[in-house]
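First up is the structure itself, then whatever we jot down about it.
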Amino acid sequence: MNKQIDQQAADNIRALAVAMVEKAKSGHPGGPMGGGDFMHILYSEFFNYDPTDMEWAFRDRFFMDAGHLSTLMYAQYYLLGNYAKDDVANFRQWGSNTPGHPEVDVKRGIENTSGPLGQGHTMGVGAAIAAKFLEARFGDWMNHKIYGFISDGGVQEEISQGAGRIAGHLGLSNFIMFFDSNDIQLSTPTDEVTTEDTAMKYEAWGWNVVTIDGHNHDEIRKALADANNQTEKPTLIIGKTIMGKGCVTADGSMFEGHCELHGQPIGATGADYTKTLINLGANPESPFDIFDDVQEFYKNLIAEKTEQAAEKKAVISTWRKANEALATKLDFFLSGELPELDFASIEHKAGLATRAASSGVLGYLADHVENMIVSSADLSNSDKTDGFLKKTHALKKGDFTGSFLQAGVAELTMSCIANGIALHGGIIPVVATFFVFSDYMKPAIRLSGIQELGVKYVWTHDAFRVGEDGPTHQPVEQEAQIRLLEKLKNHSGNPSFLALRPADSAETSVAWKMALENKNTPTGLILSRQGIKDIEAQGSSRYEEALAAEKGGYLVKEVENPDVVLIANGSEVATLFAAAEILESQNNLKVNIASVISEGVFRLQSKAYQNSVIPKKTPLFGLTAGLPVNLEGLVGADGKVFGLEHFGYSAPASVLDEKFGFTGEKVSNQVLEYLKTV
């Protein structure tokens, strides 16, 4: 412990944050200036990692919620050698390693992409769940910590209630969160928007809460030591900090705690940039330097961290030798590989709803995939994830041997937790709810796509056939929204999402196969509430034929020289079969039917294959229970799509089919009317 070097290091972080924002002419300097003390004490005295092996699976992890405080992380990690001077000097610039909000970059210490407030710390809760899950299976040596960092804005975001409730309920003692409580947010002081007692709120959720002076290093030290010794509860450290700590005006007067310091360069406020750097001990002529004493301190610290990691790795090596079978299993979990799975062996009864077929697949996976956590937003008996639950039990405080997370009614929280589980590694996360409530999940789905995470979303009750529950529960526009993500590329150049709406039980098995094999992008399975007539096998195995769905789309009914090709996905494929029977028997038409489970995947196939399924010179008719735009890209300008262009109504599903025109007879009439125009 060296009070002088601790203060210098914290001031160095502050000076770097100020300089980064000033040079970029963009950013948020005030918060990082307040959080510098905590970050230095955390990383110099408590945080366990291996500087030579940043992706070490058993490292501590830091999840930033307040992504606008990115300079706080970049400055700290610059001191640790993870960034070069040019990196911090080019903050927020094209091609730099220091984007405006942190983006996953584990090799430099960035565990999660953050920016939308509330999601970062909730992903941290997910990582803590993952760590507890693995510890329950492989031993107490796997005792790494998950640290979170949250701001006033993150505490205010509604998702904090779900994260706080679940973390407290599960007793995530391995989760330690610092609340940078400076009472200032972007446009107002916090007392203009809230009067809640944050400490009491978290205590009510079952957290260990301590309030400290966030600039007092001894208080930070004690709070972190006590949190690391906690065995029953997650810990919230409320650090009372000062916005813009260390800022001064041109005449040297203090200029701290002001709202305008939050979201703009300090030179654009009442503070003076040059005088502030001098006040912090920095050289205004070379503001991106690490102070000499700080550089020496961190050089020695990195060597100490490396040595400590080597000692931990030796302990793990001893465990491995004594537990070879478990060690092999652990390595397999962390590899991200799948066990050998025989989806063809999964038997389905005839005419199942695809949610029920999914339940059968989940039951099979519960027996064959040991590193899967399935979660449901209080709907397991309705979204049929209970097929998995029946083979295991729910996670609970003190017992993480189960594999099911009962999230309660918290779709967004559940989805963010799944992102955190995926970021931690070693576990496959699955989350489920009704399709219409995917609206609550969109922010997390988007971050799944940006972070390229293999989260599996299960959405049931996929169309107006939810029936009596009425328009609030009947998805119409949701499929169009989700399929837009198939058209949006991630930074690896791939579609950012895989959306799968299977047409029957066999396609549901294939959809699960595709989902599990899709490891670097999120996948959504869109499943029916109502039973669906199975597509008849042309040969001996419907499943083998359904494997063609892995190309995104294929012909489930094929004749030579068709007069029309009918296109759909999900339960509408069965409706097309009913329509085709009428068109062939009563109108002497030759009909092909294409089941397109994913337009995104279909568009990745060769043009020749796409044309073999959906020939451009043949009349094309699409049927969708959602917005017509779902299929308009497939039928083209000369084709016709019959879909739903209004909200649903409350009535039995069969009545709605009749009223909305989704019967074989009514669809056949639509096809005939269309053919008159071509």
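Coordinate-derived values only; no laboratory data. Given the structure is predicted, the values throughout are model-derived calculations rather than measurements. Here the Cβ positions follow ideal geometry from the backbone for every residue, glycine too, while neighbour counts run over all protein chains shown.
Could you give the dipole magnitude of the chain about its Cα centre, charging the beta-carbon of Lys and Arg +1 and that of Asp and Glu -1, in debye to the nearest 20?
Dipole size: approximately 1120 debye.
Run down the lysines and flag those whose C-alpha is under 16 Å from the C-alpha of K456, throwing out any fewer than 8 positions away in its chain.
Reachable lysines: K384, K442, K513, K519.
Give the lysines reachable from K3 as a straight Cα distance under 27 Å; neighbours fewer than 8 places away on the same chain don't count.
Answer for K3, where 27 Å is the Cα cut-off: K85, K145, K222, K240, K245, K275, K299, K305, listed by chain and number.
Return the long-range amide H neighbours of D378 (sequence gap of 5 or more, or a different chain), with a cut-off of under 5 Å between placed amide H atoms.
Hits under the 5 Å cutoff: A407, G408.
How about segment 487-590: which chymotrypsin sites (Phe, Trp or Tyr not before Pro) there lie in a loop by DSSP and see at most 10 other Cβ atoms within 10 Å?
Counting only loop positions with at most 10 other Cβ atoms within 10 Å, none of the chymotrypsin sites (Phe, Trp or Tyr not before Pro) in segment 487-590 qualifies.
May I ask for the longest run of the chain untouched by GluC sites (Glu not before Pro) that are loop-located per DSSP and have at most 16 neighbouring C-beta atoms (other than their own) within 10 Å?
Between exposed loop sites, the widest span is 371-476.
For the chain, what is the convex hull volume of the alpha-carbon atoms per residue, in Å³?
In the chain, the Cα hull volume divided by residue count equals 162 Å³.
Charges at C-beta only: +1 for Lys and Arg, -1 for Asp and Glu. How large is the resulting dipole of segment 475-551 about its Cα centre, in Debye rounded to 20?
That gives segment 475-551 a dipole magnitude of about 300 debye.
In segment 629-678, which trypsin sites (Lys or Arg not before Pro) fall in coil by DSSP and have 10 or fewer other Cβ atoms within 10 Å?
Passing sites in segment 629-678 are K676.
Would you mind checking which residues have amide H under 5 Å from F63's amide H? H placed 1.01 Å from N; only 5 or more apart, or other chain.
Those qualifying (amide H under 5 Å, at least 5 residues apart or on another chain) are Y147, G148, F149.
For D226 and E304, what does the FRET efficiency come to when R0 = 22 Å and r is the distance between their Cβ atoms, rounded to the nearest 0.05?
Using R0 = 22 Å, I get an efficiency of 0.45.
Relative contact order of the chain, please, whole-number percent, based on alpha carbon pairs below 8 angstrom and at least 6 residues apart.
11
As a test of the formula, what do you get for the chain when each DSSP H run with n ≥ 4 contributes -39,500 (n - 2.57) and the sum is divided by the residue count, at 222 nm and rounded to the nearest 500 deg cm²/dmol?
The helix contribution divided over the chain gives -12500 deg cm²/dmol.
Of all chymotrypsin sites (Phe, Trp or Tyr not before Pro) in segment 595-668, which ones are in loop regions per DSSP and have a Cβ with at most 13 other Cβ atoms within 10 Å?
Those that pass, being in a loop and sparsely packed, are F647.
Less than 23 Å apart at the alpha-carbon level, and either on another chain or at least 8 residues along: which lysines does that give for K321?
K132, K312, K313, K329
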